[in-house]
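The values are calculated or read from the model by the stated rules, or taken from the named source; none is laboratory data. As the structure is a computational prediction, the values presented were derived from the model and not from experiment. Positions of Cβ are generated from backbone atoms using ideal geometry, with glycine treated the same way; all protein chains shown enter the neighbour counts. Quick note on the areas: whole protein, heavy atoms, side chains included, nothing else; ligands and nucleic acids left out. Shrake-Rupley method; radii C 1.70, N 1.55, O 1.52, S 1.80 Å.
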Amino acid sequence: MAPRGRGCGEAAGDGACVPGAGGGGGCGLVCRRQQARGRGAAMDRFVWASGLLELEETLVIQQRGVRVYDGEEKVRFDSGILLLSTHRLIWRDQKNHECCIAIPLSQIVFIEEQAAGIGKSAKIVVHLHPASSNKEPGPFQSSKYSYIKLSFKEHGQIEFYRRLSEEITHRRWENVPAAQTIQVNRSSQAGRIRAVGIVGIERKLEEKRKETDKNISEAFEDLSKLMEKAKEMVELSKSIANKIKEKQGDITEDETIRFKSYLLSMGIVNPVTRETYGSGTHYHMQLAKQLAGILQTPLEERGGIMSLTEVYCLVNRARGLELLSPEDLVNACKMLESLKLPLRLRIFDSGVMVIELQSHNEEEMVASALETVSEKGSLTADEFAKLVGMSVLLAKERLLLAEKMGHLCRDDSVEGLRFYPNLFMTQS
(Lines give C-alpha, C1' and ligand atoms only; values in the text may rest on other atoms or scores of the structure.)
Protein backbone atom coordinates (compact mmCIF):
# COMPACT_ATOMS: atom_id res chain seq x y z
CA MET A 1 0.00 0.00 0.00
CA ALA A 2 1.45 3.38 -0.94
CA PRO A 3 2.16 5.65 2.03
CA ARG A 4 0.22 8.79 2.70
CA GLY A 5 3.18 11.16 2.70
CA ARG A 6 4.79 14.24 1.22
CA GLY A 7 6.84 14.22 -1.95
CA CYS A 8 10.35 15.68 -1.90
CA GLY A 9 9.31 18.57 -4.11
CA GLU A 10 12.71 18.35 -5.89
CA ALA A 11 13.10 19.17 -9.54
CA ALA A 12 13.61 16.31 -11.94
CA GLY A 13 17.27 15.33 -12.05
CA ASP A 14 19.73 13.35 -9.98
CA GLY A 15 17.70 13.80 -6.80
CA ALA A 16 14.25 13.32 -8.31
CA CYS A 17 11.98 10.54 -7.08
CA VAL A 18 10.75 8.00 -9.60
CA PRO A 19 8.54 4.91 -9.26
CA GLY A 20 10.54 2.00 -7.88
CA ALA A 21 10.95 -1.26 -9.68
CA GLY A 22 9.32 -4.41 -8.45
CA GLY A 23 6.15 -4.88 -6.48
CA GLY A 24 5.37 -5.52 -2.86
CA GLY A 25 5.09 -3.12 0.02
CA GLY A 26 7.18 -0.15 0.98
CA CYS A 27 6.84 3.39 -0.17
CA GLY A 28 7.01 2.60 -3.90
CA LEU A 29 9.48 5.46 -4.46
CA VAL A 30 13.17 5.06 -5.24
CA CYS A 31 15.46 8.06 -5.24
CA ARG A 32 18.04 8.08 -8.06
CA ARG A 33 20.57 9.67 -5.76
CA GLN A 34 20.15 6.78 -3.32
CA GLN A 35 20.37 4.28 -6.16
CA ALA A 36 23.71 5.75 -7.12
CA ARG A 37 25.11 5.64 -3.59
CA GLY A 38 23.53 2.36 -2.46
CA ARG A 39 21.88 2.10 0.95
CA GLY A 40 21.61 5.53 2.56
CA ALA A 41 21.96 6.45 6.21
CA ALA A 42 19.47 8.09 8.56
CA MET A 43 20.82 9.04 11.98
CA ASP A 44 24.04 10.40 10.42
CA ARG A 45 21.96 13.37 9.12
CA PHE A 46 21.59 14.67 12.70
CA VAL A 47 24.06 17.19 14.11
CA TRP A 48 24.66 18.29 17.68
CA ALA A 49 22.71 21.45 18.54
CA SER A 50 22.37 23.91 21.39
CA GLY A 51 18.55 23.78 21.32
CA LEU A 52 18.30 27.54 20.78
CA LEU A 53 16.56 28.99 17.74
CA GLU A 54 18.73 30.77 15.22
CA LEU A 55 18.14 34.18 13.62
CA GLU A 56 14.99 34.26 11.45
CA GLU A 57 13.99 30.80 12.80
CA THR A 58 10.54 30.48 14.39
CA LEU A 59 9.15 27.72 16.62
CA VAL A 60 6.07 26.07 15.08
CA ILE A 61 5.09 23.30 17.54
CA GLN A 62 6.62 21.07 20.20
CA GLN A 63 5.63 17.72 21.71
CA ARG A 64 6.87 15.81 24.77
CA GLY A 65 7.48 12.07 25.07
CA VAL A 66 8.92 11.45 21.59
CA ARG A 67 11.35 8.61 20.86
CA VAL A 68 13.67 8.55 17.84
CA TYR A 69 14.26 5.33 15.86
CA ASP A 70 17.09 4.85 13.36
CA GLY A 71 14.96 3.08 10.77
CA GLU A 72 13.58 0.05 12.61
CA GLU A 73 16.18 0.08 15.39
CA LYS A 74 15.90 1.75 18.78
CA VAL A 75 18.67 4.19 19.71
CA ARG A 76 19.59 5.89 22.95
CA PHE A 77 17.39 8.92 22.22
CA ASP A 78 14.52 7.47 24.19
CA SER A 79 12.24 10.14 25.70
CA GLY A 80 12.57 13.75 24.73
CA ILE A 81 10.92 16.91 23.48
CA LEU A 82 10.54 17.20 19.71
CA LEU A 83 10.51 20.77 18.41
CA LEU A 84 9.52 21.80 14.90
CA SER A 85 10.80 25.16 13.67
CA THR A 86 10.61 26.80 10.26
CA HIS A 87 14.11 25.47 9.52
CA ARG A 88 14.81 22.32 11.58
CA LEU A 89 13.57 19.31 13.51
CA ILE A 90 15.11 19.49 16.99
CA TRP A 91 15.11 16.68 19.57
CA ARG A 92 16.12 17.46 23.17
CA ASP A 93 16.38 14.99 26.06
CA GLN A 94 13.76 15.67 28.74
CA LYS A 95 16.17 14.94 31.60
CA ASN A 96 19.50 16.13 30.16
CA HIS A 97 18.80 19.34 28.23
CA GLU A 98 22.42 19.50 27.06
CA CYS A 99 21.76 16.42 24.92
CA CYS A 100 20.21 18.00 21.83
CA ILE A 101 20.30 17.01 18.14
CA ALA A 102 18.82 18.63 15.05
CA ILE A 103 18.24 17.98 11.36
CA PRO A 104 17.41 20.59 8.67
CA LEU A 105 13.98 20.34 7.08
CA SER A 106 15.72 20.59 3.69
CA GLN A 107 17.03 17.03 4.30
CA ILE A 108 13.49 15.58 4.31
CA VAL A 109 12.31 13.81 1.15
CA PHE A 110 8.79 12.99 2.33
CA ILE A 111 6.93 11.90 5.46
CA GLU A 112 4.21 9.36 6.21
CA GLU A 113 2.08 8.31 9.15
CA GLN A 114 2.18 4.92 10.89
CA ALA A 115 -0.90 4.09 12.95
CA ALA A 116 -0.72 2.91 16.53
CA GLY A 117 -1.20 -0.77 17.34
CA ILE A 118 -1.57 -3.00 20.39
CA GLY A 119 1.23 -1.94 22.72
CA LYS A 120 2.69 0.33 20.01
CA SER A 121 2.44 4.11 19.81
CA ALA A 122 1.72 6.06 16.63
CA LYS A 123 4.72 7.12 14.56
CA ILE A 124 5.76 9.56 11.86
CA VAL A 125 8.22 8.09 9.33
CA VAL A 126 10.64 10.69 7.92
CA HIS A 127 12.51 9.74 4.71
CA LEU A 128 15.76 11.64 4.23
CA HIS A 129 18.26 12.70 1.58
CA PRO A 130 21.85 11.40 1.95
CA ALA A 131 24.09 13.41 4.26
CA SER A 132 26.27 16.10 2.69
CA SER A 133 30.05 15.74 2.73
CA ASN A 134 30.59 18.95 4.75
CA LYS A 135 28.06 18.06 7.47
CA GLU A 136 28.79 19.17 11.04
CA PRO A 137 29.55 16.52 13.73
CA GLY A 138 26.62 14.48 15.03
CA PRO A 139 25.78 11.48 17.22
CA PHE A 140 26.26 8.89 14.45
CA GLN A 141 28.79 8.52 11.64
CA SER A 142 26.89 5.94 9.64
CA SER A 143 23.64 3.99 9.48
CA LYS A 144 22.06 1.35 7.28
CA TYR A 145 18.68 3.11 6.98
CA SER A 146 17.48 6.01 4.83
CA TYR A 147 14.68 7.02 7.19
CA ILE A 148 13.95 7.67 10.86
CA LYS A 149 10.82 7.10 12.93
CA LEU A 150 9.42 9.49 15.51
CA SER A 151 7.36 7.59 18.11
CA PHE A 152 4.78 9.69 20.01
CA LYS A 153 4.28 8.01 23.38
CA GLU A 154 2.12 10.88 24.73
CA HIS A 155 0.02 11.33 21.54
CA GLY A 156 -0.09 14.62 19.60
CA GLN A 157 1.13 13.04 16.35
CA ILE A 158 -1.86 14.20 14.27
CA GLU A 159 -1.26 17.90 14.87
CA PHE A 160 2.53 17.50 14.58
CA TYR A 161 2.19 15.68 11.24
CA ARG A 162 -0.09 18.41 9.91
CA ARG A 163 2.27 21.21 10.92
CA LEU A 164 5.35 19.38 9.58
CA SER A 165 3.56 18.79 6.26
CA GLU A 166 2.78 22.51 6.01
CA GLU A 167 6.41 23.48 6.64
CA ILE A 168 7.67 21.02 4.01
CA THR A 169 5.16 22.41 1.50
CA HIS A 170 5.85 26.10 2.18
CA ARG A 171 9.67 25.61 2.45
CA ARG A 172 10.11 28.70 4.60
CA TRP A 173 13.75 27.81 5.28
CA GLU A 174 14.53 28.93 1.72
CA ASN A 175 13.77 32.57 2.60
CA VAL A 176 17.32 33.92 3.03
CA PRO A 177 17.35 36.42 5.93
CA ALA A 178 18.88 39.89 5.46
CA ALA A 179 21.66 39.18 7.98
CA GLN A 180 22.91 36.27 5.83
CA THR A 181 22.87 38.47 2.71
CA ILE A 182 25.09 41.02 4.46
CA GLN A 183 27.50 38.31 5.58
CA VAL A 184 27.84 36.85 2.09
CA ASN A 185 28.55 40.24 0.49
CA ARG A 186 30.97 41.43 3.15
CA SER A 187 33.87 41.43 0.68
CA SER A 188 32.14 44.15 -1.37
CA GLN A 189 32.11 47.86 -0.61
CA ALA A 190 30.47 49.12 2.60
CA GLY A 191 27.84 51.09 0.71
CA ARG A 192 26.99 48.05 -1.38
CA ILE A 193 26.56 45.88 1.76
CA ARG A 194 24.21 48.38 3.32
CA ALA A 195 22.12 48.63 0.17
CA VAL A 196 21.81 44.84 -0.14
CA GLY A 197 20.80 44.60 3.54
CA ILE A 198 18.07 47.25 3.19
CA VAL A 199 16.74 45.60 0.03
CA GLY A 200 16.61 42.27 1.87
CA ILE A 201 14.70 43.82 4.79
CA GLU A 202 12.24 45.55 2.43
CA ARG A 203 11.70 42.29 0.56
CA LYS A 204 11.04 40.48 3.84
CA LEU A 205 8.52 43.13 4.95
CA GLU A 206 6.77 42.94 1.57
CA GLU A 207 6.47 39.14 1.86
CA LYS A 208 5.02 39.45 5.36
CA ARG A 209 2.52 42.07 4.13
CA LYS A 210 1.38 39.79 1.28
CA GLU A 211 1.03 36.85 3.66
CA THR A 212 -1.02 39.01 6.06
CA ASP A 213 -3.29 40.17 3.24
CA LYS A 214 -3.80 36.56 2.16
CA ASN A 215 -4.68 35.47 5.72
CA ILE A 216 -7.14 38.36 6.12
CA SER A 217 -8.83 37.49 2.80
CA GLU A 218 -9.20 33.83 3.80
CA ALA A 219 -10.56 34.85 7.20
CA PHE A 220 -13.23 37.06 5.63
CA GLU A 221 -14.19 34.25 3.25
CA ASP A 222 -14.72 31.95 6.24
CA LEU A 223 -16.62 34.73 8.03
CA SER A 224 -18.94 35.16 5.05
CA LYS A 225 -19.69 31.43 5.04
CA LEU A 226 -20.31 31.55 8.78
CA MET A 227 -22.73 34.47 8.38
CA GLU A 228 -24.66 32.53 5.73
CA LYS A 229 -25.01 29.56 8.10
CA ALA A 230 -25.90 31.92 10.95
CA LYS A 231 -28.83 33.30 8.94
CA GLU A 232 -30.12 29.77 8.40
CA MET A 233 -29.82 28.99 12.13
CA VAL A 234 -31.63 32.23 13.07
CA GLU A 235 -34.50 31.38 10.70
CA LEU A 236 -34.66 27.87 12.18
CA SER A 237 -34.79 29.19 15.76
CA LYS A 238 -37.54 31.68 14.80
CA SER A 239 -39.63 28.95 13.23
CA ILE A 240 -39.25 26.75 16.34
CA ALA A 241 -40.16 29.68 18.62
CA ASN A 242 -43.27 30.45 16.52
CA LYS A 243 -44.38 26.82 16.66
CA ILE A 244 -44.00 26.80 20.44
CA LYS A 245 -46.05 30.02 20.72
CA GLU A 246 -48.80 28.64 18.47
CA LYS A 247 -49.04 25.43 20.49
CA GLN A 248 -48.26 26.87 23.90
CA GLY A 249 -51.17 25.19 25.57
CA ASP A 250 -50.50 21.86 23.88
CA ILE A 251 -46.81 21.53 24.82
CA THR A 252 -46.26 19.78 28.16
CA GLU A 253 -43.25 20.08 30.42
CA ASP A 254 -42.12 16.58 29.40
CA GLU A 255 -42.08 17.59 25.74
CA THR A 256 -40.00 20.68 26.57
CA ILE A 257 -37.48 18.54 28.44
CA ARG A 258 -37.39 16.11 25.51
CA PHE A 259 -36.77 18.99 23.08
CA LYS A 260 -33.81 20.19 25.22
CA SER A 261 -32.43 16.65 25.33
CA TYR A 262 -32.52 16.54 21.51
CA LEU A 263 -30.43 19.70 21.38
CA LEU A 264 -28.00 18.24 23.93
CA SER A 265 -27.70 14.96 22.04
CA MET A 266 -26.34 16.87 19.04
CA GLY A 267 -23.10 16.93 21.05
CA ILE A 268 -19.80 18.68 20.50
CA VAL A 269 -18.85 18.81 16.84
CA ASN A 270 -15.06 18.92 17.37
CA PRO A 271 -14.15 17.70 20.89
CA VAL A 272 -10.67 18.41 22.26
CA THR A 273 -8.66 15.15 22.35
CA ARG A 274 -5.13 14.09 23.28
CA GLU A 275 -4.55 12.90 19.70
CA THR A 276 -5.15 16.44 18.44
CA TYR A 277 -3.57 18.58 21.16
CA GLY A 278 -1.06 16.20 22.75
CA SER A 279 -0.87 15.85 26.51
CA GLY A 280 -0.08 18.09 29.44
CA THR A 281 -0.80 21.77 29.92
CA HIS A 282 -1.70 22.65 26.32
CA TYR A 283 -4.31 19.88 26.16
CA HIS A 284 -5.90 20.90 29.47
CA MET A 285 -5.94 24.58 28.47
CA GLN A 286 -7.84 23.83 25.25
CA LEU A 287 -10.17 21.51 27.14
CA ALA A 288 -10.89 24.22 29.73
CA LYS A 289 -11.83 26.68 26.97
CA GLN A 290 -14.20 24.15 25.43
CA LEU A 291 -15.76 23.37 28.81
CA ALA A 292 -16.43 27.06 29.39
CA GLY A 293 -18.25 27.22 26.07
CA ILE A 294 -20.56 24.26 26.64
CA LEU A 295 -21.24 24.68 30.37
CA GLN A 296 -22.18 28.35 30.63
CA THR A 297 -25.79 27.95 29.48
CA PRO A 298 -26.54 24.83 31.62
CA LEU A 299 -25.05 26.63 34.64
CA GLU A 300 -27.26 29.68 34.11
CA GLU A 301 -30.31 27.39 33.93
CA ARG A 302 -29.29 25.68 37.22
CA GLY A 303 -28.79 28.79 39.28
CA GLY A 304 -25.10 29.27 38.48
CA ILE A 305 -23.68 26.16 40.17
CA MET A 306 -23.31 22.44 39.36
CA SER A 307 -21.55 19.57 41.07
CA LEU A 308 -18.52 18.15 39.27
CA THR A 309 -20.36 14.80 39.00
CA GLU A 310 -23.17 16.47 37.03
CA VAL A 311 -20.61 18.27 34.86
CA TYR A 312 -18.81 14.99 34.14
CA CYS A 313 -22.03 13.29 32.97
CA LEU A 314 -23.14 16.30 30.92
CA VAL A 315 -19.81 16.74 29.16
CA ASN A 316 -19.28 13.05 28.33
CA ARG A 317 -22.81 12.80 27.01
CA ALA A 318 -22.09 15.69 24.66
CA ARG A 319 -18.68 14.29 23.60
CA GLY A 320 -20.14 11.00 22.35
CA LEU A 321 -17.41 8.37 21.87
CA GLU A 322 -14.55 10.76 22.85
CA LEU A 323 -15.05 10.18 26.58
CA LEU A 324 -13.21 12.30 29.12
CA SER A 325 -11.47 10.85 32.18
CA PRO A 326 -12.27 12.30 35.64
CA GLU A 327 -8.60 13.27 36.08
CA ASP A 328 -8.52 15.29 32.84
CA LEU A 329 -11.80 16.99 33.77
CA VAL A 330 -10.43 18.06 37.18
CA ASN A 331 -7.14 19.31 35.68
CA ALA A 332 -9.00 21.31 33.03
CA CYS A 333 -11.39 22.79 35.61
CA LYS A 334 -8.45 23.92 37.74
CA MET A 335 -7.35 26.14 34.83
CA LEU A 336 -10.72 27.87 34.34
CA GLU A 337 -10.00 30.77 36.69
CA SER A 338 -6.36 31.28 35.63
CA LEU A 339 -7.46 31.53 31.97
CA LYS A 340 -9.99 34.23 33.00
CA LEU A 341 -12.93 32.21 31.74
CA PRO A 342 -16.48 32.87 33.01
CA LEU A 343 -16.45 29.69 35.16
CA ARG A 344 -14.40 28.52 38.14
CA LEU A 345 -13.81 25.38 40.20
CA ARG A 346 -14.76 25.56 43.88
CA ILE A 347 -14.01 23.01 46.60
CA PHE A 348 -16.18 23.09 49.74
CA ASP A 349 -14.88 22.25 53.22
CA SER A 350 -16.43 18.80 52.91
CA GLY A 351 -14.35 18.12 49.78
CA VAL A 352 -17.29 18.42 47.35
CA MET A 353 -16.19 19.98 44.05
CA VAL A 354 -18.49 22.22 42.06
CA ILE A 355 -18.32 24.41 38.96
CA GLU A 356 -19.88 27.83 39.34
CA LEU A 357 -20.16 31.02 37.32
CA GLN A 358 -17.73 33.82 38.13
CA SER A 359 -20.80 36.00 38.64
CA HIS A 360 -22.24 33.59 41.22
CA ASN A 361 -23.03 35.63 44.36
CA GLU A 362 -22.53 33.58 47.51
CA GLU A 363 -24.19 36.07 49.86
CA GLU A 364 -27.36 36.17 47.77
CA MET A 365 -27.53 32.36 47.76
CA VAL A 366 -27.12 32.21 51.54
CA ALA A 367 -29.75 34.93 52.03
CA SER A 368 -32.15 33.01 49.77
CA ALA A 369 -31.53 29.80 51.75
CA LEU A 370 -32.17 31.63 55.04
CA GLU A 371 -35.43 33.07 53.69
CA THR A 372 -36.65 29.64 52.52
CA VAL A 373 -35.82 27.96 55.87
CA SER A 374 -37.44 30.84 57.81
CA GLU A 375 -40.66 30.51 55.82
CA LYS A 376 -40.89 26.76 56.51
CA GLY A 377 -39.63 26.93 60.09
CA SER A 378 -37.07 24.15 59.52
CA LEU A 379 -35.85 22.06 56.60
CA THR A 380 -33.72 19.04 55.84
CA ALA A 381 -31.41 18.96 52.84
CA ASP A 382 -33.92 16.75 50.95
CA GLU A 383 -36.79 19.13 51.58
CA PHE A 384 -34.72 22.17 50.66
CA ALA A 385 -33.54 20.49 47.42
CA LYS A 386 -37.14 19.86 46.32
CA LEU A 387 -38.16 23.45 47.04
CA VAL A 388 -35.30 25.14 45.15
CA GLY A 389 -34.92 22.49 42.40
CA MET A 390 -31.34 21.34 42.87
CA SER A 391 -29.49 18.18 43.81
CA VAL A 392 -29.48 17.06 47.46
CA LEU A 393 -25.69 17.31 47.53
CA LEU A 394 -25.65 20.98 46.53
CA ALA A 395 -28.64 21.76 48.74
CA LYS A 396 -26.82 20.36 51.78
CA GLU A 397 -23.66 22.34 50.93
CA ARG A 398 -25.68 25.56 50.68
CA LEU A 399 -27.31 24.94 54.06
CA LEU A 400 -23.93 24.10 55.63
CA LEU A 401 -22.50 27.31 54.18
CA ALA A 402 -25.37 29.33 55.67
CA GLU A 403 -24.70 27.60 59.01
CA LYS A 404 -20.99 28.42 58.76
CA MET A 405 -21.83 32.10 58.22
CA GLY A 406 -24.03 32.04 61.34
CA HIS A 407 -27.44 32.38 59.68
CA LEU A 408 -28.67 28.82 60.43
CA CYS A 409 -28.25 26.29 63.21
CA ARG A 410 -28.71 22.53 63.18
CA ASP A 411 -30.50 19.75 64.98
CA ASP A 412 -28.63 16.49 64.38
CA SER A 413 -30.75 13.60 65.70
CA VAL A 414 -31.74 10.04 64.82
CA GLU A 415 -34.32 11.52 62.44
CA GLY A 416 -31.56 13.18 60.44
CA LEU A 417 -29.95 16.58 60.04
CA ARG A 418 -32.42 19.49 60.18
CA PHE A 419 -31.64 23.19 59.86
CA TYR A 420 -33.35 26.06 61.72
CA PRO A 421 -33.00 29.85 61.55
CA ASN A 422 -30.42 31.09 64.08
CA LEU A 423 -32.60 33.06 66.50
CA PHE A 424 -29.52 34.18 68.43
CA MET A 425 -28.58 36.29 65.39
CA THR A 426 -32.05 37.59 64.53
CA GLN A 427 -33.52 38.29 67.98
CA SER A 428 -30.43 39.68 69.70
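Using θ = phi - 60° and the Karplus form 6.51 cos²θ - 1.76 cosθ + 1.60, what ³J(HN,Hα) does each residue of region 376-381 get, whole Hz, x for Gly and Pro?
8, x, 6, 8, 8, 5
What percent do you get for the relative contact order of region 320-428 when only Cα pairs under 8 Å and 6+ apart count?
18 percent
Once the whole set of protein chains is in place, how much accessible area is left on LYS334, using a 1.4 Å probe, in Å² to the nearest 10?
In the full protein context, LYS334 sits at about 130 Å².
Of all the accessible heavy-atom surface of region 94-177, with the other protein chains kept in place and a 1.4 Å probe, what percent is carbon and sulfur?
Carbon and sulfur together cover 48 percent of it.
Determine the order of LYS120, LYS289 by accessible area, beginning with the largest, at a probe radius of 1.4 Å.
If we order LYS120, LYS289 from most to least accessible, we get LYS120, LYS289.
Calculated FRET efficiency, ARG203 and LEU314, Cβ-Cβ r, R0 60 Å, to nearest 0.05?
On the way: r = 54 Å, r/R0 = 0.89.
That gives a FRET efficiency of 0.65.
For the pairs LYS123/LYS144; LYS135/LYS204; LYS95/LYS149; LYS123/LYS208, flag any whose C-alpha to C-alpha distance is greater than 25 Å.
Violating the 25 Å limit, Cα to Cα: LYS135/LYS204; LYS123/LYS208.
Label-point separation (nm) for LYS214 and VAL60, each offset 7 Å from Cα along Cα-to-Cβ?
Using points 7 Å along Cα→Cβ, the separation is 1.4 nm.
With a 1.4 Å probe and every protein chain kept in, tell me what percent of the accessible surface of region 357-428 is carbon plus sulfur.
51 percent
Would you mind calculating the gained length between GLU322 and SER338 on full extension (0.36 nm times residue separation, minus the Cα-Cα distance), in nm to one decimal?
3.2 nm
I need the calculated FRET efficiency for the pair HIS282 and ASP382, taking r as the beta carbon distance and R₀ as 41 Å, to the nearest 0.05. Intermediate results must be reported in sequence, preceding the final value.
Values: r = 43 Å, r/R0 = 1.06.
For HIS282 and ASP382, the calculated efficiency is 0.40.
With a 1.4 Å probe and all protein chains kept in place, how much accessible area does MET353 have, in Å² rounded to the nearest 10?
MET353 exposes around 60 Å² with every protein chain in place.
Per residue, how much accessible area does region 281-426 show when a 1.4 Å probe rolls over the protein heavy atoms, in square angstrom?
In whole numbers, region 281-426 has 54 Å² accessible per residue.
If you rank TYR161, TYR312 by how much accessible surface each has, with a 1.4 Å probe, what is the order from largest down?
Descending accessible area places them as TYR312, TYR161.
Given 0.36 nm per residue, what is the gain on full extension from GLU154 to GLU72 after removing their alpha carbon distance, in nm?
27.5 nm
Between ALA116 and SER359, what is the spin-label point distance in nm, taking each point 7 Å from the Cα along the Cα→C-beta axis?
4.0 nm
Return a whole-number percent for the relative contact order of region 74-153, with Cα pairs under 8 Å and 6 or more residues apart as the contact set.
Across region 74-153, relative contact order equals 20 percent.
Convert each backbone phi in region 397-406 into a coupling constant with the Karplus relation 6.51 cos²θ - 1.76 cosθ + 1.60 (shift: θ = phi - 60°), then list the ³J(HN,Hα) values in order as whole Hz, x for Gly and Pro.
Each residue's phi maps through the Karplus curve to give 5, 5, 5, 5, 5, 5, 5, 4, 7, x Hz.
Using label points projected 7 Å from each Cα along Cα→Cβ, tell me how many nm separate ASP349 and GLU300, to one decimal.
3.3 nm
Across region 288-422, how many lysine pairs, 8 or more apart or on two chains, come within less than 29 Å at their alpha-carbon atoms?
12
Determine the order of GLU375, GLU275 by accessible area, beginning with the largest, at a probe radius of 1.4 Å.
GLU375, GLU275
Which value, in debye to the nearest 20, describes the size of the charge dipole of region 321-364 about its Cα centre when Lys and Arg Cβ atoms bear +1, Asp and Glu Cβ atoms bear -1, and nothing else is charged? Show your work: numbers first, answer last.
Details: 4 positive and 9 negative charges, 36 e Å.
With Lys and Arg at +1 and Asp and Glu at -1, about 180 debye.
Name the residue farthest towards the positive end of the dipole of region 306-428 from the options SER307, SER413, GLN427, assuming +1 on Cβ of Lys and Arg, -1 on Cβ of Asp and Glu, about the Cα centre.
SER307
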